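Notes follow the structure.
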Amino acid sequence: MSVATRFVLAAITVVGLVVLRKRKLQKLQARIIYHRDKDLGHHFGMDVGGTLGKLVYLEKDAVELGEVHEYLIENDKYGKSAQRDANMMLQVPGGHIHFLRFETTKLEQVVEFVLHRCFHRDIRTMPCTGGGAFKFSKLFEDHLGINLQKCDELSCLIQGLSFVMRHVPDECYTFKNVSMNHQGMGQATKTIIHTPASELYPFLLVNIGSGVSILKVSSETEYTRVSGTSLGGGTYLGLCKLLSKYKSFDEAMDASIVGDSNTVDMTVGDIYGGGYSQFKLSADTLASSFGKMGTKYEPKVGVRDEDVARSLLIMITTNIGQVAYLSALRSNTQRIYFCGNFLRQNEIASRQLAYAIDYWSKSKMEAQFFHHEGFFGALGALLAHNPELI
Ligand SMILES: Nc1ncnc2c1ncn2[C@@H]1O[C@H](COP(=O)(O)OP(=O)(O)OP(=O)(O)O)[C@@H](O)[C@H]1O
Ligand SMILES: CC(C)(CO)[C@@H](O)C(=O)NCCC(=O)O
């Protein structure tokens, strides 16, 4: 090949490469401009409660959410401020919904982290529910330039719940053949339940978050808040931290699995020396939560932290079960659905609730639970801005 031919070929290659690179750059720039023109906020739904913040986001296609998705995965990997519940991911037409949790006290850290990434400029408004939508709206506006669009928490709760009931197969479960002693031990079998839409309403919904809200739900759009109690998941976590060495909900949960509440609680047997047969109260019936502690000179002797965690769990759960049962009686509903993050990875509590409802109602009522129990509010906020998903 002559020198001249070689020169021509090299020139063509260089020009080709330059053109290709320019095209690639133009494509990239077009994508960036396309991003900047769009408000990605409607891909999100946030619920900031008294204890936990919940964030769901719709990944329509990986390119569009680009950096946001990467951040969330990266954040997840390093277990920093937020945690992704990977097993909760839902497939919806044209995308996936991802689920994240963070402690509300770490919200400022999350905001700070986001601030150091440029993608927040692509998010101008974000639907948000829970008390935090009000409490933290200025923080989001001032630091990130994001306008939180406030959505009512109970309305979002119902929207999110209706969505999973309609679209997520095997979402609801109960415990069949409930027989248990009063310390939450039992062999009942976890069973998936499919209730036909025609038989669904009315039902009672008990949302166990920091506090507890109890709603009578008559249709997808009609509901009333019939009761509530301040003895909820926040009470359990707060008392655990106060009375034991456990520093987190997950630690307290692990401990309560191996704890023995009998060292802490007073049973009918402790009082009667056996059962109170006249009123069919067996010897192992819980008579007084933490009652044994009141009779001891040095209450902590012989009591382990795991026993305290277990006893607290039974105490809070039994009380919620009773308030739920009485509310169902008053509202004339047979099915009671329990949700909220207190029930997250908390099978002792859900079994105990199933048992309590069955016991008090003489098997006329049934307790049911959800796999996505803590995310309905955030899902409802997401759906408010993506009605096509409903
Ligand atoms: N990782 C966790 N950290 C803290 N609490 C947890 C965790 N996982 C489960 N919980 C339990 O979930 C409860 C909070 O539930 P949820 O997120 O449904 O309520 P919230 O939105 O924070 O409260 P509220 O609706 O009353 O404002 C806590 O009080 C605790 O019992
Ligand atoms: C205040 C809310 C609604 C916040 O989610 C919740 O924590 C709650 O229902 N608490 C119980 C309030 C009551 O005693 O009715």
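Structure notes:
- Exactly one residue out of 297, 272, 325, 337 is more than 21 Å from the chain's Cα centre (by Cα), of a type outside the set (A, V, I, L, M) and within 13 Å of residue 206 (Cβ to Cβ), and it is 325.
- Checked against the criterion of being in contact (Cβ under 8 Å) with a residue 40 or more places away in the chain, away from ligand 1 (no atom under 11 Å from the Cβ), under 22 Å from residue 321 (Cβ atoms) and β-branched (Val, Ile, Thr), the candidates 195, 189, 224 yield just one match: 195.
- Checked against (1) part of a loop (DSSP other than H, G, I, E, B); (2) under 18 Å from residue 213 (Cα atoms), residue 363 meets all criteria but (2).
- Top-ranked residue of the stretch 259-284 - restricted to ones that are among the β-branched types (Val, Ile, Thr) and surrounded by 16 or more Cβ atoms within 10 Å (Cβ to Cβ), ranked as nearest to ligand 1 (Cβ to nearest atom): 264
- Single residue of 359, 337, 355 found to be among the hydroxyl-bearing types (Ser, Thr, Tyr) and open to solvent by less than 10 Å² (accessible area, probe 1.4 Å): 337
Residue-by-condition table, conditions (1) charged (D, E, K, R); (2) closer than 19 Å to residue 227 by Cβ; (3) within 16 Å of ligand 1 (Cβ to nearest atom):
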{"site": "288", "(1), (2), (3)": "no, no, no"}
{"site": "295", "(1), (2), (3)": "no, no, no"}
{"site": "301", "(1), (2), (3)": "no, no, no"}
{"site": "319", "(1), (2), (3)": "no, yes, yes"}
{"site": "324", "(1), (2), (3)": "no, yes, yes"}
{"site": "333", "(1), (2), (3)": "no, yes, no"}
{"site": "337", "(1), (2), (3)": "no, yes, yes"}
{"site": "362", "(1), (2), (3)": "yes, no, no"}
{"site": "371", "(1), (2), (3)": "no, no, yes"}
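- Checking each residue in the stretch 124-136 for being of a type outside the set (A, V, I, L, M, F, W, C), surrounded by fewer than 17 Cβ atoms within 10 Å (Cβ to Cβ) and under 21 Å from residue 210 (Cα atoms) picks out 131, 135.
- Residue match in the stretch 220-232 (condition: within 19 Å of residue 365 (Cβ to Cβ), touching a Leu at 6+ places or on another chain (Cβ under 7 Å) and open to solvent by less than 70 Å² (accessible area, probe 1.4 Å)): yes
- Residue in the stretch 63-75 that is modelled with pLDDT of 75 or more and open to solvent by less than 40 Å² (accessible area, probe 1.4 Å) present: no
- The residue list 256, 244, 213, 248 contains one member that is at pLDDT 95 or above, open to solvent by 30 Å² or more (accessible area, probe 1.4 Å), among the hydroxyl-bearing types (Ser, Thr, Tyr) and assigned by TED's automatic domain parsing to the domain that holds residue 346, which is 248.
- Qualifying position, being closer than 22 Å to residue 158 by Cα, in the same structural domain as residue 334 (by TED's automatic domain parsing) and either at pLDDT 95 or above or of a type in the set (Lys, Arg) (or both), among 235, 224: 224
The values are calculated or read from the model by the stated rules, or taken from the named source; none is laboratory data. Just so you know, these numbers come straight off a predicted model, no measurement behind them. Because the Cβ atoms are built from the backbone with ideal geometry, glycine has one as well, and the counts that use them run over all protein chains shown. Areas reflect the complete protein model, heavy atoms only, side chains present, ligands, DNA and RNA absent. Shrake-Rupley method; radii C 1.70, N 1.55, O 1.52, S 1.80 Å.
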